[in-house]
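The values are calculated or read from the model by the stated rules, or taken from the named source; none is laboratory data. Keep in mind that this is a model prediction, so the values were computed, not measured. Glycine also receives a Cβ, built like all others from the backbone with ideal geometry; neighbour counts cover every protein chain displayed. Side chains included, ligands, DNA and RNA excluded: accessible areas come from the protein's heavy atoms. Shrake-Rupley method; radii C 1.70, N 1.55, O 1.52, S 1.80 Å.
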Amino acid sequence: KAGVTQTPRYLIKTRGQQVTLSCSPISGHRSVSWYQQTPGQGLQFLFEYFSETQRNKGNFPGRFSGRQFSNSRSEMNVSTLELGDSALYLCASKGRGLPAPGNEQFFGPGTRLTVL
Amino acid sequence: SQQGEEDPQALSIQEGENATMNCSYKTSINNLQWYRQNSGRGLVHLILIRSNEREKHSGRLRVTLDTSKKSSSLLITASRAADTASYFCATVDSRRRQAGTALIFGKGTTLSVSS
C-alpha cells in the first residue's frame, strides 16, 4: 500500500509570508504527527492529531498550527515566517487505533522549506 | 527539548565491518526505538526494544538497552554501502501523561560505509 505522502516536497518563501504543508497518511491510519528537523535543533515534535483532534503539541510558538480532516489528511500552517523556520518538515502516521507510545511511526519524505 | 544523545556523531567504516552507535536518554521510558534517515529524507523505523528487554535482534541489527544507565546501543554487523545514513534513537517520556506518542529524538549518528 502507498506510504505517507507530503506535498509540496520543496518550498521557498520569504520572511513574513505564511505556508501550508500537506500530509496524507497511510490508508486506514488515523493518527498523524508532525516534526521539524533543523541542523541546530535536530528533530522536534510539533503536533499529533487523531480523528481530527489535536492530542498533543510540542513547544513551538502559536505561529505553528495544524489540523486534520475527516479523511485523516493533515495540514500544518506556519504564519509570519522567520528565517529560523527553514527546515525539513516531516509527517508521520501510525495505525488505525488510538496511538500508543510503542507504535511504529511511518514517516513521509518531508517538505523542505526554505525561508529567505 | 531533545533528551537523547548519540555517540559518536559521525562514524566512517569499510564495507564488511561492524558499526556501533550509542544513545543516552534522560527520562523514564516504556520503550526505545531506532530510526534510519537517508540523506535528508524521511525516517524509517528499524527496531523497538521495550524497557523490560536487554537485547533484541533483527537481521543484521542488534540493539541493547540498559535502563539503569539510561543508554542503548545499535550494532549493525557486516555493514554495506547501503547502510550509509543517519541513525536516531527515539523515546517517549513515560512520566508525562500529555506526552502521547511524541517521539523525542537524539541528535543522531551519521554513518558512512565505503566500499
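Per residue, how much accessible area does chain A have with a 1.4 Å probe, in Å²? Could you put the intermediate results ahead of the total?
Numbers: 5280 Å² over 116 residues.
So chain A comes to 46 Å² accessible per residue, rounded to a whole number.
Computed from protein heavy atoms with a 1.4 Å probe, the total accessible area buried between A and B is close to 1700 Å².
Express the relative contact order of the stretch B:3-89 as a whole percentage, based on alpha carbon pairs under 8 Å and six or more residues apart in sequence. Please list the in-between numbers first.
On the way: 164 pairs, mean separation 30.7, N = 87.
That works out to 35 percent.
Rounded to whole numbers, the Karplus 3J(HN,Hα) couplings from phi for the stretch A:8-20 are x, 7, 9, 8, 10, 10, 10, 3, x, 6, 10, 9, 10 Hz, using 6.51 cos²θ - 1.76 cosθ + 1.60 with θ = phi - 60°, and x at Gly and Pro.
FRET efficiency for the B:D66 to A:Y10 pair, using the beta carbon distance and R₀ = 41 Å, is estimated at 0.50. Report, to the nearest whole %, how much of the accessible area of chain A belongs to carbon and sulfur atoms, 1.4 Å probe, protein only. The nonpolar share, carbon plus sulfur, comes to 49 percent.
Averaged over the residues of B:10-19, the number of partner chain Cβ atoms lying within 10 Å of the residue Cβ comes to 0. Computed over the alpha-carbon pairs of chain A, the distance histogram in 10 Å steps reads 15, 50, 29, 6, 0 percent, short to long.
Each label was represented as a point 7 Å from its Cα along the Cα-to-Cβ direction; for B:N30 and A:S86 these points are 3.9 nm apart.
Using r as the Cβ-Cβ distance of A:T114 and A:S70, and R0 as 35 Å, what FRET efficiency do you calculate, to the nearest 0.05? Provide the component values of the computation, followed by the final result.
Numbers: r = 32 Å, r/R0 = 0.91.
Given R0 = 35 Å and the Cβ-Cβ separation, E is 0.65.
If each residue of separation counts as 0.36 nm, what is the full-extension length gain between A:Q17 and A:E52 once their alpha-carbon separation is subtracted?
Taking A:Q17 through A:E52 to full extension adds about 10.0 nm, to one decimal.
From the Cα gyration tensor of the stretch B:20-106, with a ≥ b ≥ c the square roots of its eigenvalues, which class applies: rounded if a/c is under 1.5, or else prolate if a/b is larger than b/c, or else oblate? Cα axes put the stretch B:20-106 in the oblate bin.
Here the protein assembly as shown is treated as an ellipsoid with the same Cα gyration tensor; its semi-axes, largest first and in whole Å, are 29, 21, 16. Using only side-chain charges placed at the Cβ, +1 for Lys and Arg and -1 for Asp and Glu, the dipole size of chain B relative to its Cα centre rounds to 460 debye.
Where the only charges are on Cβ atoms (+1 Lys, Arg; -1 Asp, Glu), what is the dipole of chain A about its Cα centre, to the nearest 20 debye?
Here chain A has a charge dipole of around 180 debye.
Farthest towards the positive end of the charge dipole of chain A, among the residues A:F45, A:G58, A:G28, is the Cα of A:G28, using unit charges on the Cβ of Lys, Arg, Asp and Glu.
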